Amino acid sequence: PMSPLTDNRPQKVLNKSAVSWASYDFANTIFSMNVVSLYFALWVVNDLGGTDLMVALARSAAMLLIAITMPLLGSISDIIGRRKWFIFLFTLMCGLATALLGSAFSLTVYLVLFGVAVYGFQAALVFYNALLPDVSPKNKEGKVSGLGVAFGYIGSIAGMLMVRPFVGSEGSFSRQNAFIPTALLFLVFSLPLFIFTKERRKPPVHELPRIKELFITPYRVFKQSSTLPDVRRFLIARFFIVEAMETIIAFMAVYLVMVGGFNQKRVIAAGMDEVMLFLVSATVFAVIGSFIWGVMADKLGPGRSLKICSFLWVITLALATFNFYQPLFWVVGPLAGIGLGGVWTTDRHYLLKVVPKERRAEFFGLYAVSGRLAAVIGPIVWGLAVAAGKPYGDIKYRIAVGAVFIMMLIGFLLVRKLPEV
């Protein structure tokens, strides 16, 4: 058998393992777009009589559980030297929970199933990302990761188009009909990862780290970041920026229908309704934005690029808050897409520039924790804002977007004081 320490990674970027690994991005974005962004929240609020806060609490509970359990599960993965087993387990968990959303249960059960599905989706991602070094040629991880991102954007659009016919239109319209097809597509398109991706044999870790150490490490790293004030400011700024973006991703469809007057029941072009067309346009511009900001970050520097992207988000959310002219929403979508692609492209690049090389791993761990905590708090803020604004009718959604705008504004004000590297 091959030595565990042997570097047997493939030499070509477009090898079978890399392409099958990247295809998982295609699969999981079918779930994230159809369930998290497009149908579930609207189904609960519009069809089942639930509230935004219920959806927010279910999603936030799942993200909080991810933050609590992943350090331990990651350590167990290191002990046995395996990643694919965990990806399979959590993908199956997500797929089954999503399929069960298509059955007859109570609202409470649906919310629990949604939380389980989100947990499985996010947990699988942790181990999926950890597989990247195994499938990438040496020093080509960026290109293989970019391939996965590209597959993901394609998957989000393809997933909407493949599932939309099951939802129906006008007289036969049912958001619940989206869930079983989404689960099946997610599971089917994830198969190449499990069949063709080769996982390198790793030497198992024989000693489990102390449980306490797993949970206090992020706190200790943040505390030690006082010696690197620019890094600390960046991490705090990123928390507010990601908090705002995650909230918009979760509730944009609800906002479009409730405030923008978008019709999800009528197909208008290429098998798409108005909400789908909006999300497709935003996704296409996210692809364009990722490419443009990748080039701009090299020319202007990631610091200046991140400042421009976050300012673009401030403008976008200001428009979403105060716009009363429906056609202008079609400007908001592309702006949000460009900003989204830009932030994801530049913020990791910036952290690489400002953190000492010997401390990159610990700060990227803190970077991941901050993103998960932002995904816990942001949706709850939205849900509370909607609940507080209930006496004002649909204005409550403008209040919620206004709260998200404030999050992004705080992030931008912190980012603009960072040095440009």
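Structure above, values below:
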item	result
Percent RCO, i.e. relative contact order, over the stretch 221-365, from Cα pairs under 8 Å lying at least 6 residues apart	29 percent
Shape of the stretch 239-344, Cα gyration tensor, a/c cut at 1.5	prolate
Two-site FRET efficiency, Lys84 against Ile406, from Cβ-Cβ distance with R₀ of 51 Å, rounded to 0.05	0.75
Net length gained if the chain between Val421 and Val331 were fully extended (0.36 nm per residue, minus Cα distance)	29.3 nm
Cα→Cβ-extended label distance, 7 Å offset, between Val295 and Phe194, nm	4.1 nm
Accessible carbon and sulfur surface of the chain relative to its total accessible area, %, 1.4 Å	69 percent
Two-site FRET efficiency, Phe173 against Arg359, from Cβ-Cβ distance with R₀ of 56 Å, rounded to 0.05	0.60
Candidate aspartates and glutamates for bridging to Lys16, where Cα separation is under 13 Å - those fewer than 8 sequence places away on the same chain excluded	Asp134, Glu199
Karplus-derived 3J(HN,Hα), 6.51/-1.76/1.60, for each residue of the stretch 402-417, Hz, glycine and proline x	x, 5, 5, 4, 5, 4, 5, 4, 4, x, 5, 4, 6, 5, 5, 8
Per-residue HN-Hα couplings for the stretch 76-87 [Karplus 6.51, -1.76, 1.60; θ = phi - 60°; Hz; x = Gly/Pro]	4, 4, 5, 5, 8, x, 9, 10, 4, 4, 5, 4
Environment charge at Lys396 (Cβ cut-off 15 Å; Lys +1, Arg +1, Asp -1, Glu -1)	0
Calculated log₁₀ intensity ratio I(q)/I(0) where the Debye formula runs over C-alpha points of the stretch 302-374, q = 0.13, 0.23 Å⁻¹	-0.49, -1.00
Total charge dipole magnitude, the chain, about the Cα centre, Cβ charges on Lys, Arg, Asp, Glu only, Debye to nearest 20	1120 debye
In Hz, Karplus ³J(HN,Hα) per residue of the stretch 110-120 (6.51, -1.76, 1.60; θ = phi - 60°; x = Gly, Pro)	4, 5, 5, 4, 4, x, 5, 5, 5, 4, x
Zone of Thr51's modelled label, taken as backbone nitrogen in the stretch 383-421 under 12 Å from a point 7 Å along Cα→Cβ	383-391
For the stretch 65-113: rounded, prolate or oblate by the Cα gyration tensor [a/c cutoff 1.5]	oblate
Neighbourhood charge, 14 Å Cβ-Cβ cut-off, centred on Lys223 and excluding it, Lys, Arg +1 and Asp, Glu -1	+2
Distance (nanometres) between label positions extended 7 Å along Cα→Cβ at Ile288 and Ala368	3.4 nm
For the stretch 149-204, convex hull volume per residue from C-alpha positions, Å³	110 Å³
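The values are calculated or read from the model by the stated rules, or taken from the named source; none is laboratory data. Worth saying up front: this structure is predicted, and the values here are computed from it rather than measured. Cβ coordinates were reconstructed from backbone atoms using ideal geometry, including for glycine residues, and neighbour counts include every protein chain displayed. When the accessible area is computed, the model is the full protein with side chains, heavy atoms only, and any ligands, DNA or RNA have been set aside. Shrake-Rupley method; radii C 1.70, N 1.55, O 1.52, S 1.80 Å.
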